[in-house]
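Engineer: One structure, pasted below without further comment.
The values are calculated or read from the model by the stated rules, or taken from the named source; none is laboratory data. This one's a predicted model, so the numbers in the text were calculated from it and none came from an experiment. No Cβ is skipped: glycine too gets one built from the backbone with ideal geometry, and neighbour counts run over all protein chains shown. Note: areas computed on protein heavy atoms with side chains; ligands, DNA, RNA excluded. Shrake-Rupley method; radii C 1.70, N 1.55, O 1.52, S 1.80 Å.
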Amino acid sequence: MQAGPLLIGIGYAILWWLAMALVPEAMGKGIDAIRAKDLPALLTWGAVLLGLGIVQAVAGILRHRMAVYNWLSAAYRTVQVTVRQSTRLGATLPKRMSTGEVVSVGNSDIAHIGNAMDILLRGTGAIVAIVTVTVILIRASLPLGLMVLIGVPIMAVAVAPLLRPLHRRQHAHRDLQGDLSTRAADIVAGLRVLRGIGGEQVFADRYTEESQKVRHAGVRVAAVESMLEGAQILLPGLLIACVTWLGATFAIRDEITAGQLVAFYGYAVFLIAPMRALTEAADKLTKGHVAARRVVRILTLEPEVHGGAGHSGGGLLRDVASGVAVRPGVLTALAATSPEEAVTIADRLGRYGDGDVDFGDVPLDALPLAEVRRRILVADNGAKLFAGVLRDELDVSGEASDEDIADALRTACAEDIVEALPGGLDGYVAESGREFSGGQQQRLRLARALTADPEVLILIEPTSAVDAHSEARIADRLAKARAGKTTLVCTTSPLVLDRTDQVIYVEGGVVRAQGTHRELLATVPAYTALVTRGEDS
């Protein structure tokens, strides 16, 4: 997709370098014309110099424009494919990679990949310029041409030993940066909890320790980079000195003209630029390679679950392994002895984990994944509130009416949150909804799930962070709002359980009893102990 712009940019870079490379030759011819008092030749070579200057200016502008275009295109295409892959992976991504590794793609990797595309233009043109200058020097003086022809590869070989340690240290530095970004994200997400338990300073000390490791790794990278930068000055300088000294010797012997001597010196000075471009290319392509490996690692991940091409008319949603069956049009509760059991079953029912699940008469894994996501919604307390307008936060599809949103807010007892927010539904929500308390965030997440109005709604502990009075109101309103719709609530709250049509009691990952809340209280002691926070007698 980017091959065309890259080739165009390389063409402009080659033209730009060649225009600069031919200037010393034209200048030398002009000096020889002055010594020979040949006015027509002087005017001709003066015009050639003017033409080369114009070509250099125009080609330089076009080259830079294409360089910026290719930088932006490579960088932001990387962001696009990474975000698209992250969306495709869904719940698989956080299990396979840390937050910091993914965030670092946008923080630093895209810049390195863009720089690699940028230097590819100048680096290719620099190679053509060096070859052109070498040919010109060989034609004018075989010893000088051979000196350049041999000197350039020697300098490339001299720089090569620095690239491997640079690559290794950059890779280690990048790993540490990813770990530090993960640590920072975790601290920010749990800052309120840390302050509440007095652990803020402990994690600050850990962050300081890890940031120092990143700093030391960066210093190690800089040590190699400084040697590479020094080589960019020293090695071309030595070649210039040798070419100039040998050219002056030939001029004294009248083996070359004064114009050729000026041209040789001009070429020696000119060669600094393309040779620095080559060493810069080695550095930036190395960094780009490290960054690209990170991106490729994300792109090669495959989702843990895949969809099929079937279709289901709906009906009973049943998890074979546990025996949990969610009847259509019924408000069902799932009370499990451990929260992990409930989450595992909910993940299987929502196709976030592999399992033998039927939706009506069709296996759930036979349905396209997009259809499963559209028809079955699993809402847990790990869901995030993103920065933006509250209305857009609640109505993610953009299809709900104001009345639908109002009904969802009322069911979730979240009207007061909207009223207190400047601008109401059109008010701005900060990142992660940090201006809201934990209970307010939970009620907004519930309102968002209700606004989506899916065919099957699975809620995981939707009232765990709210007070008892609000929990009772939410339970009453939820039963009315989802009347006739398939709903599963994973909870052990008696206030919610008492308002559901059916309760499924799960112990050890398997259904042990079913019935209404009051029936189970009267007949299943283990269930009674669970929901009353008591102990088995």
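Engineer: Per the Kirkwood definition applied to all pairs of different Cα atoms, how many angstroms is the hydrodynamic radius of the stretch 208-275?
Structural biologist: Details: mean 1/r = 0.0687 Å⁻¹.
Evaluated on the stretch 208-275, it is 14.6 Å.
Engineer: A further question on this structure: What percentages, rounded to whole numbers, describe P(r) for the stretch 397-537 computed over all alpha carbon pairs with 10 Å bin width beginning at zero?
Structural biologist: Histogram of Cα-Cα distances, whole percents per bin: 11, 38, 31, 15, 6, 0.
Engineer: Further question: Quickly work out the LYS485-to-ALA513 label distance, labels modelled 7 Å from Cα along the C-beta direction, and quote it in nm with one decimal.
Structural biologist: 3.1 nm
Engineer: Working with all protein chains in place, sort HIS171, HIS517 by solvent-accessible area computed with a 1.4 Å probe, largest first.
Structural biologist: Highest to lowest solvent-accessible surface, that is HIS171, HIS517.
Engineer: Could you give the length gained on full extension between ASP38 and ILE138, defined as 0.36 nm per residue of separation minus the Cα-Cα distance, in nm?
Structural biologist: Net length gain for the segment: 33.4 nm.
Engineer: Restrict the search to the stretch 421-513; then list the trypsin sites (Lys or Arg not before Pro) that DSSP places in a loop and that have at most 15 other Cβ atoms within 10 Å of their Cβ.
Structural biologist: Sites meeting the loop and neighbour criteria: ARG434, LYS485.
Engineer: Suppose R0 equals 60 Å. What FRET efficiency, 1/(1 + (r/R0)^6) with r the Cβ-Cβ distance, do VAL157 and ASP426 give to the nearest 0.05?
Structural biologist: FRET efficiency, VAL157 to ASP426: 0.40.
Engineer: Which order do TYR352, TYR267, TYR76 take when ranked by solvent-accessible area (1.4 Å probe, heavy atoms of all protein chains), largest first?
Structural biologist: Of TYR352, TYR267, TYR76, the descending order of accessible area is TYR76, TYR352, TYR267.
Engineer: In addition: When the Kirkwood radius is taken over all Cα pairs of the stretch 410-462, what Stokes-Einstein diffusion coefficient follows at 25 °C and 0.890 mPa s, in µm²/s? Could you put the intermediate results ahead of the total?
Structural biologist: Numbers: Rh = 11.9 Å.
For the chosen part, D equals 207 µm²/s.
Engineer: While we're here: Rounding to the nearest 20 debye, state how big the charge dipole of the stretch 334-390 is about its Cα centre with +1 on each Lys and Arg Cβ and -1 on each Asp and Glu Cβ.
Structural biologist: 400 debye
Engineer: While we're here: Between GLN2 and VAL389, what length comes free when the chain is fully extended (0.36 nm per residue of separation minus the Cα-Cα distance, one decimal in nm)?
Structural biologist: Extra length from GLN2 to VAL389 when fully extended: 135.8 nm.
Engineer: Rounded to the nearest Å, what's the spacing between the alpha carbon centres of the stretch 364-389 and the stretch 264-337? Just the number, please.
Structural biologist: 18 Å
Engineer: Which longest uninterrupted range of the chain lacks any GluC sites (Glu not before Pro) assigned by DSSP to a loop state (not H, G, I, E or B) and surrounded by at most 10 other Cβ atoms within 10 Å?
Structural biologist: Here the longest segment lacking exposed loop sites spans 1-398.
Engineer: Let me have the 222 nm mean residue ellipticity of the chain computed from DSSP H runs of 4+ only, each contributing -39500 (n - 2.57), with the sum over all residues rounded to the nearest 500. Don't jump to the answer; show the numbers that get you there.
Structural biologist: Numbers: 21 runs with 359 residues, N = 537.
Helices in the chain give a 222 nm mean residue ellipticity of -22500 deg cm²/dmol.
Engineer: Among LEU409, SER322, ILE10, whose Cα sits farthest toward the positive end of the charge dipole of the chain (+1 at Cβ of Lys/Arg, -1 at Cβ of Asp/Glu, about the Cα centre)?
Structural biologist: Checking the options against the dipole of the chain, the answer is ILE10.
Engineer: Please report Rg (one decimal) and Dmax (integer) in Å for the Cα set of the chain.
Structural biologist: 34.8, 119
Engineer: When every alpha-carbon pair in the stretch 1-118 is counted, what percent end up more than 20 Å apart? Numbers along the way, then the final one.
Structural biologist: Numbers: 4182 of 6903 pairs.
Here the long-distance tail beyond 20 Å is 61 percent of all Cα pairs in the stretch 1-118.
Engineer: Need one number: nm distance between label points at THR523 and LEU369, each 7 Å from Cα along Cα→Cβ, rounded to one decimal.
Structural biologist: Distance between label points: 4.1 nm.
Engineer: Moving to a separate point now. In 10 Å bins starting at 0, how do the alpha-carbon pair distances of the stretch 357-435 split up by percent?
Structural biologist: 15, 40, 25, 15, 4
Engineer: Under a 5 Å amide H to amide H cut-off, with H placed in plane at 1.01 Å, what residues pair with ALA336 once short-range neighbours are removed?
Structural biologist: Long-range HN contacts for ALA336: THR491, VAL506.
Engineer: Next question, about the same structure. For the residue pair ALA248 and SER338, what label-to-label distance in nm results when each label sits 7 Å from Cα along the Cα-to-beta-carbon direction?
Structural biologist: 8.3 nm
Engineer: Rank these residues by their accessible area, most exposed first, probe 1.4 Å: ILE110, ILE14, ILE8.
Structural biologist: Solvent-accessible surface, decreasing: ILE8, ILE14, ILE110.
Engineer: Full-extension gain between ALA273 and LEU234, please, as 0.36 nm times their residue separation minus the C-alpha to C-alpha distance. Don't jump to the answer; show the numbers that get you there.
Structural biologist: Working: separation 39, 0.36 × 39 = 14.04 nm, distance 1.28 nm.
Gain on stretching ALA273 to LEU234: 12.8 nm.
Engineer: How large is Rg over Rh for the stretch 1-60, taking Rg from the Cα atoms and Rh as the Kirkwood inverse mean of 1/r across Cα pairs?
Structural biologist: Taking Rh as the inverse mean 1/r over Cα pairs, Rg/Rh reads 1.21.
Engineer: Report, as a whole number in µm² per second, the diffusion coefficient that Stokes-Einstein gives for the stretch 190-333 at 37 °C and 0.692 mPa s using the Kirkwood radius over alpha carbon pairs.
Structural biologist: 139 µm²/s
Engineer: Quote the accessible area belonging to THR486 in square angstrom, nearest 10, computed with a 1.4 Å probe and with ligands, DNA and RNA left uncounted.
Structural biologist: 10 Å²
Engineer: Size of the dipole of the chain about the Cα centre, Lys and Arg at +1 and Asp and Glu at -1 on the beta carbon, nothing else charged, in debye to 20?
Structural biologist: 2240 debye
Engineer: Go through PRO525, ALA140, LEU180 and say which Cα lies farthest out towards the positive end of the charge dipole of the chain; charges sit on Cβ, +1 for Lys and Arg, -1 for Asp and Glu.
Structural biologist: Most positive-ward Cα: ALA140.
Engineer: Scan the stretch 248-296 for trypsin sites (Lys or Arg not before Pro) in coil per DSSP, keeping those whose Cβ has at most 11 other Cβ atoms within 10 Å, and list them by number.
Structural biologist: ARG253
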